[in-house]
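Every read-out reported here was derived from the displayed coordinates using simple, explicitly stated rules and does not represent laboratory data. Predicted model only: the values in this text are computed from it and were never measured. Neighbour counts run over all protein chains shown; Cβ positions are idealised from the backbone, glycine included.
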Amino acid sequence: MSATADKTILRALAGETQPIPPVWMMRQAGRYLPEYRATRAQAGDFLSLCYNPELAAEVTLQPIRRYGFDAAILFADILLLPQALGADLWFVTGEGPRLSTLTDQAGFDRLKPVGAIHETLSPVYETVKILSRELPRETTLIGFAGAPWTVATYMIAGRGTKDQGPAHALMAEQPEVFDALMARLTEATVEYLSAQIMAGAEVVKIFDSWAGSLKGEAFQRYALEPAREIIAALKTRHPDVPIIAFPREAGDNYIGFARATGADCVALDNSVSVDWAAAHVQVDGCVQGNLAPHHMVTGGAELISETRRIVKAFSGGPHIFNLGHGITPDADPDNVARMIEAIRG
Ligand code: CP3
C-alpha cells in the first residue's frame, strides 16, 4: 500500500471524497491541554519550547495520543522565520509576541540573507525528523510557515495589531521597502518550507492570518501572488507534497484562490457560511475548517449540531474537518473529544 492509501488527510488532499472526513485542529498542541502546560513549564518559556526538538516533538504528539487526530502539525511559530532573518523576538506573557520594528530601508538592510535562516531554524527541522519517526503510520505530518504579508505585519509593527495599520502605512509611504521585504519573505518561506519537507513534512500549510485586511488589487498583489510564487517554487522542488493555503477572512477572495495559486486545499475561517463555501470554494477541490473555535469553550448541543452541519454541507467533496481558527486556551478538552465523536461516531 502506498503512503497515501492509509493516510486519510493525504487522500482528501488528493481530491478524494470520504464518508468520514479526516480531522485535526489549529493550535491542537496548546494551552487548553494540561500536558502542554506541563511541558512548556519544563522548557521554561514558549520560544525555548519551539527550539527544543525533543520537547517540541513531545507537545506535537500530545493531542495525537489524547484524541487520535488524523494529522499532527509541527510545533513551532510563524515568527521564528523573522527571527532567523535577524529580527529580535520575545513573547510577553498574557499579551503575545514582540519584535524589533522594521520601518525603513536601513531596517531592511539589517536583515540577514535568506541562506542564513537554517542556522537558527535547524532545531525545527530536527523536530520534524523526530516526528516522522515517532508518529503513528496513519497520521500525516504537517509543516507550516506564515505567509509573507502576515509575517510582514508583525515585523513592521513589532507586535500584533488590530488593523495592520503600520504595514499598510509602509506599503503606501515606502513601497520600495515594503516590496523588498515581501520579496525577501517570499524567498525565505520557500527555503524554510522546503527544508521542512526534506526533513519529513508530508504536507505544508501557509498561514495568512491577516489576509482579510487586504482588499482588491492589494489582495491580488500581496496575498494571492506571494502564495502563488511560493507554491510554484515548492511544486517544482517537491511535486508530490500537497499545500494548504489559509487566506483568513478573505471573503469573496476565497473564490478561485486554489485555482489561482495552485494550492491543493483552501482553509476557511468561520466568517463564511458553510453552504456558500461548499458552492463556491469546494467546487475547486479540498476545503478545511470553518467550525467557530468558541464551540470548544461552550460545547453542548450546539457544538454537536454545528459539527454535523459542517460535515454534511461538505460531504459532496474532499473535506478535512478543522476549526476556523486556533483553539483558545479556555477551551474544555472534553469538547474536543465530543467534536471528534460527532464526526466519526
Ligand atoms: O497549530 C499548532 O498547534 C502548531 C503550532 C503553531 C503555533 N502558532 C503555536 C503557538 C502554529 C501553526 C502557529 C501559527 C501562528 N503563530 C500564527 C498563524 C495562525 C493564527 O493563529 O492566526 C500566528 C499569527 C502566530 C503568532 C503568534 N504566536 C501569536 C499572535 C501568539 C500569541 C497569541 C497566543 O495564542 O498566545 C503566538 C503564541 C503561540 N504560538 C502559542 C502557541 C501554542 C501560545 C504560546 C504559549 O504557549 O504561551
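The table that follows gives values for the structure above.
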{"read-out": "Rounded FRET efficiency, nearest 0.05, which uses the C-beta distance separating Arg309 from Ala172 and R0 of 41 Å", "value": "0.50"}
{"read-out": "FRET efficiency, 1/(1 + (r/R0)^6) with R0 25 Å, evaluated for Glu225 and Gln105 via beta carbons", "value": "0.65"}
{"read-out": "Alpha carbon centroid spacing (whole Å) that separates region 168-222 from region 45-93", "value": "20"}
{"read-out": "Too-long pairs where the Cα-Cα distance tops 19 Å, listed order kept, from Lys205/Lys235; Lys112/Lys162; Lys7/Lys205", "value": "Lys112/Lys162"}
{"read-out": "Solvent-free Debye scattering, log10 I(q)/I(0), computed from the Cα coordinates of the chain at q = 0.14 Å⁻¹", "value": "-1.17"}
{"read-out": "Highest average packing first - 34-45, 314-325, 177-188, Cβ atoms within 10 Å", "value": "314-325, 177-188, 34-45"}
{"read-out": "Relative contact order of region 178-337, pairs being alpha-carbon contacts under 8 Å that are 6 or more residues apart, as %", "value": "18"}
{"read-out": "Glu35-Glu341 FRET efficiency (beta carbon distance; Förster radius 35 Å; 0.05 resolution)", "value": "0.95"}
{"read-out": "Candidate aspartates and glutamates for bridging to Lys215, where Cα separation is under 18 Å - those fewer than 8 sequence places away on the same chain excluded", "value": "Asp163, Glu173, Asp179, Glu225, Glu249, Asp252, Asp269"}
{"read-out": "Value of [θ]222 nm, deg cm²/dmol, for the chain, DSSP H segments ≥ 4, -39500 (n - 2.57) each, nearest 500", "value": "-14000 deg cm²/dmol"}
{"read-out": "Stretch gain in nm, segment Met198-His280, where the contour uses 0.36 nm per residue and the Cα spacing is subtracted", "value": "26.1 nm"}
{"read-out": "Under 5 Å, built H, 5+ apart or other chain: amide partners of Asp208", "value": "Ala147, Phe246, Arg248"}
{"read-out": "Relative contact order (%) - the chain, alpha-carbon pairs under 8 angstrom, separation at least six", "value": "20"}
{"read-out": "Relative packing of 299-307, 241-249, which averages over residues the other C-beta atoms within 10 Å, highest first", "value": "241-249, 299-307"}
{"read-out": "Cα→Cβ-extended label distance, 7 Å offset, between Arg65 and Thr298, nm", "value": "3.3"}
